[in-house]
1. Want the number for residue 133 to residue 204: 0.36 nm per residue separation, take away the alpha-carbon distance, what's left?
2. Could you list which residues have their amide H under 5 Å from that of residue 74, counting only those 5 or more apart in sequence or on another chain, with H placed in the peptide plane?
3. Dividing the Cα radius of gyration by the Kirkwood radius, what Rg/Rh value follows for the stretch 79-219?
Amino acid sequence: LRARTQTKASNRQPRGRDGRRCIPLPPTMVYYFTSKAVDPAAFIYVGKDKFENEELIKYGWEEDFHADKLSSAHIYLRLPDPKDPSTTSPMTWDAIPEPLLVDLAQLTKANSIEGNKKDNVTVIYTPWSNLKKDGSMEVGQVSFKDPRKVKKILVPQRENPIVNRLNKTKVEKKPDLKQEREDRLKELRKRDQAASLARKREEARIAQERKEKKWQKEHAYDEIFTEENMESTSNQNRDADWEDDFM
């Protein structure tokens with residue numbers, strides 16, 4: 001006979017090391033867009049508001065776009081992975097195709113309350129790794145580590161056909177951004193380890209090949225100068241009249 005006691009579920013919230021209650025944060029809301037301005041289609045995403053943007057800043061991957069000197073959403077472009085065998089069109093942050101760049105700029109302008117109402121809006125973009133964030137900044141605010149890695153594009157006016165086309169692809173999700181980034185870093189480490197192992201194997205193969213060639217070069221005449229060959233070509237073992245052969 002096994003006896004057990006039932007206990008009511010505790011309503012107490014977990015506490016941190018400082019004794020304060022840990023209030024669970026709601027999942028981050030992210031909007032995803034697809035741009036077919038390039039082939040294959042580009043993957044674009046943006047936080048629902050400035051608080052969601054804060055999470056994207058923290059766990060971002062590649063490129064960050066926002067309207068210069070205006071309150072704006074941060075629009076992210078996930079570049080094709082150059083190390084992925086399925087990537088047919090490699091792309092770098094400073095060489096984004098013009099049609100895709102226009103899509104990104106229009107989407108950025110449209111997601112700026114102030115910028116959406118104005119013409120001639122400047123959109124700036126930079127690698128995510130160039131974003132700088134410290135405790136003195138407001139939610140969603142960033143600066144840049146290296147101003148030289150910041151590029152600009154002028155948006156003369158809103159292009160409704162472009163914005164409407166992108167909005168038709170809009171999908172709302174609640175991803176675990178932290179886990180996605182950890183998975184990404186894990187995959188990159190795995191690739192780096194595989195590349196390092198392959199490189200070491202190739203270096204070992206080349207070293208062995210050079211070693212064998214060196215040995216062959218150093219011992220190329222070994223068979224010629226064996227005792228047996230030397231005796232067969234020596235005059236000491238020839239017939240006394242061997243010189244007559246040349247008469």
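Readers should treat all values here as calculations from the given coordinates under stated rules, not as data from a laboratory. Bear in mind the structure is a predicted one, so any value in this text is a computation, not a measurement.
1. On the way: separation 71, 0.36 × 71 = 25.56 nm, distance 4.43 nm.
Gain in length upon complete extension: 21.1 nm.
2. 47
3. That ratio is 1.18, to two decimals.
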